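Asks: This is the structure, below, for whatever I ask next.
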Amino acid sequence: MSPPESDAEGAGGRRLIEICEGEDAAGDRLDRLLAERLSLSRAQVVQLISDGRVTVDGQVPKKRYRPRAGDRIEVELPPPVSTRLEPEDIPVKVRYADDDLAVVEKPAGLVVHPAPGHPGGTLVNALLFHLGGLSSIGGDRRPGIVHRLDKDTSGLILVARRDEAHRALSAALHRREVERGYVAAVWGHLDEERFTVDRPIGRDPRDRKRMAVRETGRPAVTHFKRLERWNAAELLAVRLATGRTHQIRVHLGSLGHPVVADPIYGPHWERGFGGAGGRWAGELRRRAGRLFLHAAHLAFEHPGTGEALSFASPLPSPLLEASEWARASS
């Protein structure tokens, strides 16, 4: 195997690894191979693969891919992010907190944890200020984060403050014992009042910042129920059975009914309506002003006491005001 090459200084930049005939590395799993060659953890390598930052002969592989002789593996390492997280006085509403965990309401526009391009000003920085210590399970950048919400999604999020609680909550999430409910407004009218989308989701091969329904993706199941039918949109209750990146948005977009004001999976969708419907859709988009997706329900069993905990979060303004206008004008 040739030594890694870089076109950038420091920890970031591009690395090129070539597998030569007869090398011991041939046949080893890609994630293991890269972790060893780049001195990274397996979790870091898996994240790089998930983010589309690893290609084999120009194609995005799976982490279980086994390199063969002649493969050219390119790895794009993001610029290093400071591991020192500072508490920041960012307003967040703490709905519940004890020594094991906390439930907080994340406002729209707030990134959950530091990442390239967002070294600070995140929910984690806010939690360090308001709560102090967090579980270390998530590592330097994601302490305490049991599950995530998109930057533009508002609502309830579960946070662990002790490692033991974090492990128990993560296991419960994997067993689908944590209920996560959302409210979403979508463009157009769906055929059924209740329906389930069971379509695998993976990284979009044409744009690594997007996800897409792909046969080679990870299983993803979302349950939907119509709450209200409006002029050119509908209000849905959504329940996650799995937790893939952008899952609700990708599934609805794949049906041709993207979330209202979704800048990634349905940009400017309201322009496709004609006449009075188009004017109505444009007004709803203007009044919403942001992605119409809110984490409204969270229920789980406390890992320490066994107590059943349940939380509800009403639609924030301006989503509430937009929905009231949509209801009155339909």
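Asks: Select from segment 273-330 the residues that are part of a loop (DSSP other than H, G, I, E, B) and either in contact with a His (Cβ under 6 Å, 6 or more places away or on another chain) or not small (G, A, S) (or both) and list them in ascending order. Lay out the reasoning, then the answer.
Replies: Going through segment 273-330, the residues part of a loop (DSSP other than H, G, I, E, B) turn out to be 273-274, 289-292, 302-307, 313-318, 330.
Once the filter is applied, which keeps residues that are part of a loop (DSSP other than H, G, I, E, B) and either in contact with a His (Cβ under 6 Å, 6 or more places away or on another chain) or not small (G, A, S) (or both), segment 273-330 yields F273, R290, L291, F292, H302, P303, T305, E307, P314, L315, P316, P318.
Asks: Could you tell me how many of the residues in segment 311-330 are without any contact (Cβ under 8 Å) to a residue 60 or more places away in the chain and of a type in the set (S, T, Y)?
Replies: Here the count works out to 1.
Asks: Check segment 193-211 and report whether any residue there is β-branched (V, I, T), crowded, with 20+ Cβ neighbours inside 10 Å and under 17 Å from the mean Cα position of the chain (by Cα).
Replies: Within segment 193-211, one or more residues are β-branched (V, I, T), crowded, with 20+ Cβ neighbours inside 10 Å and under 17 Å from the mean Cα position of the chain (by Cα).
Asks: When both residues are 6+ apart or on different chains and their Cβ atoms are under 6 Å apart, which pairs have a first residue that lies in segment 226-237 and is within 13 Å of A326 (Cα to Cα) and of a type in the set (F, W, Y), and a second that is surrounded by fewer than 16 Cβ atoms within 10 Å (Cβ to Cβ) and at pLDDT below 95?
Replies: Short answer, once both residue conditions are applied: W230/S330.
Asks: Which of the residues that make up segment 271-316 are within 28 Å of A160 (Cα to Cα) and out of contact with any strand residue (DSSP E or B) (no Cβ under 8 Å at 6 or more places or on another chain)?
Replies: We begin by selecting, within segment 271-316, every residue within 28 Å of A160 (Cα to Cα); these are 291-316.
Correct list: G304, T305, G306.
Asks: Restricting segment 33-71 to residues that are free of Cβ contacts under 8 Å to residues at least 12 places away in the same chain and within 19 Å of the chain's Cα centre (by Cα), which is nearest to D207 (Cα to Cα)?
Replies: Q47
Asks: Name the single residue, out of those in segment 80-110 being farther than 30 Å from G306 by Cα, touching a Gly at 6+ places or on another chain (Cβ under 9 Å) and among the acidic types (D, E), that is least open to solvent (accessible area, probe 1.4 Å).
Replies: E88
Asks: Between a residue in segment 122-134 that is within 11 Å of L85 (Cβ to Cβ) and among the hydrophobic types (A, V, I, L, M, F, W, C) and any residue that is in a helix (DSSP H, G or I) and open to solvent by 30 Å² or more (accessible area, probe 1.4 Å), which pairs come within a Cβ distance under 9 Å, given they are 6 or more apart or on different chains?
Replies: Filtered contacts from segment 122-134: L134/L128.
Asks: Also, quick follow-up: Go through (1) open to solvent by 20 Å² or more (accessible area, probe 1.4 Å); (2) free of Cβ contacts under 8 Å to residues at least 40 places away in the same chain for D262 and report which single condition fails.
Replies: Against the list (1) open to solvent by 20 Å² or more (accessible area, probe 1.4 Å); (2) free of Cβ contacts under 8 Å to residues at least 40 places away in the same chain, D262 comes up short only on (1).
Asks: How many residues are outside any loop (DSSP other than H, G, I, E, B) and either open to solvent by 20 Å² or more (accessible area, probe 1.4 Å) or farther than 13 Å from H246 by Cβ (or both) if we restrict to segment 213-231?
Replies: So in segment 213-231, the residues outside any loop (DSSP other than H, G, I, E, B) come out as 213, 218, 221-229.
From what is left, the residues that are either open to solvent by 20 Å² or more (accessible area, probe 1.4 Å) or farther than 13 Å from H246 by Cβ (or both) are 213, 218, 221, 223-229.
So the count comes out to 10.
Asks: Shifting gears a bit: I'm checking my understanding of the structure. Among residues of segment 288-308 that are surrounded by fewer than 16 Cβ atoms within 10 Å (Cβ to Cβ) and touching a residue at least 12 places away in the same chain (Cβ under 8 Å), which one is nearest to the chain's Cα centre (by Cα)? It would help to see each step written out before you state the result.
Replies: At the first step, the residues of segment 288-308 found to be surrounded by fewer than 16 Cβ atoms within 10 Å (Cβ to Cβ) are 289, 299, 301, 304-308.
Adding the requirement that they be touching a residue at least 12 places away in the same chain (Cβ under 8 Å) leaves 289, 299, 301, 304.
On the way: G289: 21, A299: 19, E301: 23, G304: 27 Å.
Selected residue: A299.
Asks: Condition first: of a type in the set (G, A, S) and either touching a strand residue (DSSP E or B) at 6+ places or on another chain (Cβ under 6 Å) or within 13 Å of K106 (Cβ to Cβ) (or both). Now tell me which residues in segment 173-204 satisfy that. Working first, answer last.
Replies: Just the residues of segment 173-204 that are of a type in the set (G, A, S), to begin with: 181, 184-185, 188, 202.
Selection gives G181, A184, A185.
Asks: For segment 178-190, does any single residue satisfy the condition of being surrounded by fewer than 17 Cβ atoms within 10 Å (Cβ to Cβ) and within 19 Å of V112 (Cβ to Cβ)?
Replies: No, segment 178-190 contains no residue that is surrounded by fewer than 17 Cβ atoms within 10 Å (Cβ to Cβ) and within 19 Å of V112 (Cβ to Cβ).
Asks: Would you please name the residue that is most open to solvent (accessible area, probe 1.4 Å), looking only at residues in segment 123-156 that are out of contact with any strand residue (DSSP E or B) (no Cβ under 8 Å at 6 or more places or on another chain) and polar (S, T, N, Q)?
Replies: S136
Asks: Let me ask something additional. Filter segment 193-203 for residues that are outside any strand (DSSP E or B) and free of Cβ contacts under 8 Å to residues at least 24 places away in the same chain and give the result. Before you say what the answer is, go through the steps one by one.
Replies: Keep residues of segment 193-203 that are outside any strand (DSSP E or B), which gives 193, 199-200.
The one that is outside any strand (DSSP E or B) and free of Cβ contacts under 8 Å to residues at least 24 places away in the same chain: P200.
Asks: Which residue out of L30, L48, L77 is farther than 19 Å from K209 by Cβ, modelled with pLDDT of 75 or more and surrounded by 12 or more Cβ atoms within 10 Å (Cβ to Cβ)?
Replies: Working: L48 fails: farther than 19 Å from K209 by Cβ; L77 fails: farther than 19 Å from K209 by Cβ.
Just one listed residue meets the conditions, L30.
Asks: Follow-up question, since we're still on this one. For segment 24-76, which positions are part of a helix (DSSP H, G or I), aliphatic (A, V, I, L, M) and out of contact with any Asp or Glu (no Cβ under 6 Å at 6 or more places or on another chain)?
Replies: Keep residues of segment 24-76 that are part of a helix (DSSP H, G or I), which gives 30-38, 42-50.
Then keep just the ones that are aliphatic (A, V, I, L, M); that gives 30, 33-35, 38, 43, 45-46, 48-49.
Within segment 24-76, L30, L33, L34, A35, L38, A43, L48, I49 qualify.
The values are calculated or read from the model by the stated rules, or taken from the named source; none is laboratory data. Worth saying up front: this structure is predicted, and the values here are computed from it rather than measured. A quick note on method: Cβ atoms are made from the backbone with ideal geometry, for glycine too, and the neighbour counts reach across all protein chains shown. Areas reflect the complete protein model, heavy atoms only, side chains present, ligands, DNA and RNA absent. Shrake-Rupley method; radii C 1.70, N 1.55, O 1.52, S 1.80 Å.
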